Structures are given as C-alpha cells and as structure tokens.
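The values are calculated or read from the model by the stated rules, or taken from the named source; none is laboratory data. Quick caveat, the model's predicted, so the values are computed rather than measured. Here Cβ is always computed from backbone atoms with ideal geometry, including for glycine, and neighbour counts include all displayed protein chains.
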Amino acid sequence: QVQLQASGPGLVKPSETLSLTCTVSGGSIGTNYWTWIRQPPGKGLEWIGYVYYIGSTNYNPSLDSRVTISVDRSKNQFSLKLRSVTAADTAVYYCARHGSGSWAYYMDLWGKGTTVTVSS
Amino acid sequence: DIQMTQSPSTLSASVGARVTITCRASQRISSWLAWYQQKPGKAPKLLIYDASRLDSGVPSRFSGSGSGTEFTLTISSLQPDDFATYYCQHYNSYPWTFGQGTKVEIK
C-alpha cells in the first residue's frame, strides 16, 4: 500500500527558503506525477506544482518565480523549495500523487500534510 | 486561470437527507473535474474523478455529474461520516484550481 509522508522544518523565517521532502513508501516513485498542494489556515486548497518521475515539472504561475520541485528516484522522494517566503506562505503543505493514465491530473493519494509557519 | 465556484458555501442537513453541491467553472473544462472530501485536521480524500467516476472504495451513495461548466456532487443518503468539507478541482488546463469548499454540517 503506497503511502506519502511529508517532512521538513515547521518554522521558517521570512525571506528564507522553505524546504520540504515527500517520501513515497510501499511503491515506486518511478511512475505517475507527484504534486504539492498547500492550505493556509482556515482557507482552501492551492496547487503549487508537480514533478514527473523523469524530472519534468509544471508550476502554478502565481508561485513560479519562487518554486522548485525535484525528484530523487534513488531515495523514492520528491521535494519542494519555496524561496523568499512571507507570512502568506504559512500553510499546511500536502504532497500527493496524480492518478494513472492519460490526463489523470486529479490527486488520488495524499500525504497527511505538514504545517509550516513563517515567522521571525 | 479558470475560477471554480461552489454553492452553497455551507449546507445544513440531517442524516438520511439527499444533498447536492454545485461547482461552476468560469470556462468549459469538458469532464476534467474531481471532487474531494476533507475532514478537520485531515488530508483531502478523492471521491470522484472525470466528473462522474467513483474512486475505488468510495461508497455508492456518492455520485457526480456534469460537463462543460456546471457539475454536481450528490450524496443520496447522508451518513454521519459524511459531515465534512467538499472541494471540486478542475484539471483541464494549468494551473489546476479548486473551488472554495462546501461545508456540510449536521442539522
């Protein structure tokens, strides 16, 4: 049974870089698209971007200039870096898997989420 | 970006009630729409994809319909476990966007 677990610092200072890693267990990262989504406190969901297992990416234009998502197939992990963070980046960050098949860009498996607070 | 608008924002209903949530897209999205259920403190869970396909293990009381710009999620007989917030998400074109959510409360 495939599971996703996001990890990383829970507190990041303003202007610094938020770095999170999602570990895929119980299955291979070598298929599917893998994505990051965030949810500010009390608010809705925002898609950040995805990485394909071969390393190609696509980002939300609202975050494109600050985001890098990468994959490490040897560790069965994919990662998120968000630069120059502000308080508006405070959120629960989820990693998720896209479905299989053509144009399956819904998220069929989610990790539990990790809370990141931006504060000095 | 394609805007997704859900209605209502909050819905109060009794156990056993039939519940319908609407999601409207600002542009045509064919059938590229998913529905998720989220409970407090938990990650969203996929219910329906491609507008009407039930994900594996999802109870048959959930159903989805629609295409183009208007979509609905129906719960045929609301159960205690169904009280949650529901989100729609399009995946027609980048960026994927979500509706603002519909909270289903106990009446």
Original post:
How many residues, within segment B:7-31, are surrounded by fewer than 21 Cβ atoms within 10 Å (Cβ to Cβ), touching a strand residue (DSSP E or B) at 6+ places or on another chain (Cβ under 8 Å), within 22 Å of B:Asn92 (Cβ to Cβ) and not β-branched (Val, Ile, Thr)?
Top reply: 5
Original post:
Would you pick out the residues in segment A:94-115 that are assigned to a strand (DSSP E or B) and more than 9 Å from chain B (Cβ to nearest Cβ)?
Top reply: A:Cys95, A:Arg97, A:Thr114, A:Thr115
**OP:** From the list A:Arg83, A:Arg73, A:Arg38, pick out the single residue that is of a type in the set (D, E, K, R) and within 12 Å of chain B (Cβ to nearest Cβ).
**Re:** A:Arg38
**OP:** Could you grab the pairs with beta carbons closer than 7 Å, sequence gap of 6+ or different chains, first residue in segment A:1-30 and of a type in the set (Lys, Arg), second one surrounded by fewer than 11 Cβ atoms within 10 Å (Cβ to Cβ)?
**Re:** A:Lys13/A:Ser120
**OP:** Taking the options A:Val51, A:Val67, name whichever one is within 12 Å of the chain's Cα centre (by Cα), modelled with pLDDT of 95 or more and crowded, with 21+ Cβ neighbours inside 10 Å.
**Re:** A:Val51
Subject >> Near pairs, Cβ below 8 angstrom, 6+ apart or cross-chain, from segment B:34-61 (within 9 Å of chain A (Cβ to nearest Cβ) and without any contact (Cβ under 8 Å) to a residue 12 or more places away in the chain) to any residue that is part of a loop (DSSP other than H, G, I, E, B) and surrounded by fewer than 16 Cβ atoms within 10 Å (Cβ to Cβ) >> reply: B:Lys42/A:Lys112; B:Ala43/A:Lys112
Original post:
Can you name the strands (runs of 3 or more DSSP E) wholly within segment B:1-91 that have at least 1 residues being touching a Lys or Arg at 6+ places or on another chain (Cβ under 7 Å)?
Top reply: B:4-7, B:10-13, B:33-38, B:70-75, B:85-90
